[in-house]
Amino acid sequence: MNTAYRVWDGDGRMYYWNDLGLSLELKGDKWILWHTWGDGSRAIVVESDDKDADLMWGTGLEDKNEKMIYEYDIDMIDNEPMVVAYIDGQWGLKFPNDPTHFEDCIDWGECDIGGNVYQNPELLEGAE
């Protein structure tokens, strides 16, 4: 089972599953990202109720540059941005402005991840 995740805090920072001292707590449909200090104390970094915060799961796959692929990454193959999504139990790609189109037959090793929708929204500008 792949447990890689990343969390966007809504304020410009991305946190990853392997960042030192971080742990993710899941409670139903809510989540909390904690930071644990050396003395054992903990502090909330960000949680699902925070404005614009988002939890994204890793796909367990890598792109052509051996970069881990996460939900909401942007694939730039053929200069036509598509967003990584998990729909109906499958990972695939969708056009950002067409929620009805979903490609699930992907050669993930051919993908070229250029960024993600939070840190690189400019990659989606002009997408059809």
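Worth pointing out:
- Any chance L22 is under 26 Å from P121 (Cβ atoms), modelled with pLDDT of 95 or more and not assigned by TED's automatic domain parsing to the domain that holds I113: yes
- Test: residue in region 60-75 that is surrounded by fewer than 17 Cβ atoms within 10 Å (Cβ to Cβ) and in contact with a Lys or Arg (Cβ under 7 Å, 6 or more places away or on another chain): no
- Scanning region 76-128 for residues that are assigned to a strand (DSSP E or B) and charged (D, E, K, R) yields K94, D98, E103.
- Scanning region 78-87 for residues that are out of contact with any helix residue (DSSP H, G or I) (no Cβ under 6 Å at 6 or more places or on another chain) and modelled with pLDDT of 90 or more yields M82, V83, V84, A85, Y86, I87.
- For I106: the one exception among (1) outside the structural domain of G12 (by TED's automatic domain parsing); (2) surrounded by fewer than 11 Cβ atoms within 10 Å (Cβ to Cβ): (2)
- All positions within region 48-60 that are assigned to a loop (DSSP other than H, G, I, E, B) and within 18 Å of N120 (Cα to Cα): D52, A53
- Residues being surrounded by fewer than 16 Cβ atoms within 10 Å (Cβ to Cβ), part of a loop (DSSP other than H, G, I, E, B) and not basic (K, R) - total across region 1-47: 18
- Test: residue in region 45-61 that is free of Cβ contacts under 8 Å to residues at least 12 places away in the same chain and either farther than 29 Å from F102 by Cβ or among the hydrophobic types (A, V, I, L, M, F, W, C) (or both): no
The values are calculated or read from the model by the stated rules, or taken from the named source; none is laboratory data. Not measured: the values here are computed from a predicted model. Cβ coordinates were reconstructed from backbone atoms using ideal geometry, including for glycine residues, and neighbour counts include every protein chain displayed.
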